[in-house]
1. If the chain between residue 263 and residue 75 were fully stretched, how many nm would it gain, using 0.36 nm times the residue separation less the Cα-Cα distance?
2. Given H placed 1.01 Å from N in the peptide plane, which residues other than close sequence neighbours of residue 96 have an amide H under 5 Å from its amide H?
3. Using only the alpha-carbon atoms, how far is helix 158-172 inclined from the longest principal axis of the chain? Give it as 0 to 90 degrees, nearest 10.
4. Provide the per-residue ³J(HN,Hα) series for the stretch 208-225, in order, calculated from phi with Karplus coefficients 6.51, -1.76, 1.60 and θ = phi - 60°, each as a whole number of Hz, with x at glycine and proline positions.
5. Would you mind getting me the FRET efficiency between residue 95 and residue 234? Use the beta-carbon distance for r and R0 = 35 Å, nearest 0.05.
6. Out of residues 5 or more away from residue 205 or on other chains, whose amide H comes under 5 Å of its own, with H placed 1.01 Å from N in the peptide plane?
7. Treat each spin label as a single point 7 Å out from the Cα along the C-beta direction, and report the residue 281 to residue 213 distance in nm.
8. Ordered by packing density, taken as the mean number of other Cβ atoms within 10 Å over each peptide's residues, highest first, how do 218-226, 90-98 rank?
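Every read-out reported here was derived from the displayed coordinates using simple, explicitly stated rules and does not represent laboratory data. Nothing here was measured: the structure is a model prediction, and the numbers come from that model. Quick reminder, even Gly has a Cβ in these numbers, built from the backbone with ideal geometry, and neighbours come from all protein chains shown.
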Amino acid sequence: MKSRSPAAGELLGLQPNGSPIAGPRRHVLDLDDFTTSEIRNVLESAKGMSEVLGRDIKKVPALRGRVIVTLFYEASTRTRISFEEAGKVLSADVINMSSSGSSTEKGESLLNTGLTIQAMGVDVIVIRHPHSGAPYLLARCLDRVGIINAGDGIHAHPTQALLDLYTVNEKFGTLEGLKLVIVGDVMHSRVARSNIWGFARMGARVVLCGPSTLLPLDMLQGREKLGHDHPLASVEVDTDLDRAIEGADIVMALRLQSERQNAGFLPSLREYIRRWQVNDARLGRARDGALVMHPGPMNEGIEISSSIAHGDRAVIEQQVTNGVAVRMALLYHLSGVQPSAPELGDTVKDHSDGR
Ligand code: CP
């Protein structure tokens, strides 16, 4: 007997009346302006998208006729490919653009590039840029395009944090009360900054760990004055990983950027590995069943041992897989399409039958 195809409304995060579960949002710039219910809604939509990705024919017409540009001024493997896949599975037209080979090389400014792309009728720009704040400039100056921040400088990487939240929620069924230890170069990590907002907002206990020179003490200064309900108020800092990892539910290792050593942030690589590498001995102090995460790309043997990176507690590949579903959910919510649930139900069903 054929199993019941979920209605597309369920898959795509629509309420029974056909409107999106998440509230209207034009841009995804960071998680600091996401409410708990908005985060929950994105995770719920991503669950439906993940079901689409599990089908033989991974294609639904939800974004047919929409145009997405990925505009990358920095290298990427995971984020860029997953956005392209996400758009294509939803039937959008996806155009990839790198700064190299574009008119940026002739001196065109980011703003003029954005205005040019907008003039071509593009619906969503997914931007990665080495300068913190670049996506905000586009969001402020372009009035007909949704902007998704795919990583800006050391500031934010909200879609990575959402896929991390999704991965943990999928494993534990909750985020509240879990102890997350983020270890490594937290200060220069946009992934860490967005995860601090996301996990703390969802009620997790967030502990930041690493050499004191690589901890974002400026971000946390004065947090005791923020009030108990502020997400950052409860964030903890510890330079001793053996102590911080005690009872952890999730250990997230961050890439150590080699230039930090030359800049005097670290005593030596050997010392760093000895004190802050996530390895078997250390993980023994975490809770049974603790998850190990890494946003990638990894320096195996530095911030994480190979046995842990490829061991049964690591969910690093699941993070990548879930990235496609989460980005599908975000593209869908930003696209502005408001089809009725029954229409989508028919078309999704047609495709799932392979017709
Ligand atoms: N996590 C992440 O942003 O990876 P990429 O740089 O490969 O996109």
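1. Difference between extended and current length: 65.5 nm.
2. 70
3. In the chain, helix 158-172 runs at an angle near 80 degrees to the longest axis.
4. Residue by residue, the stretch 208-225 yields 9, 9, x, x, 4, 5, 10, 9, x, 5, 5, 5, 9, 4, x, 5, 5, 8 Hz.
5. Values: r = 42 Å, r/R0 = 1.20.
The computed FRET efficiency comes out at 0.25.
6. Amide H neighbours of residue 205: 177, 178, 179, 180.
7. 2.3 nm
8. On the way: 218-226: 11.2, 90-98: 18.3.
So the peptides 218-226, 90-98, ranked by packing, come out 90-98, 218-226.
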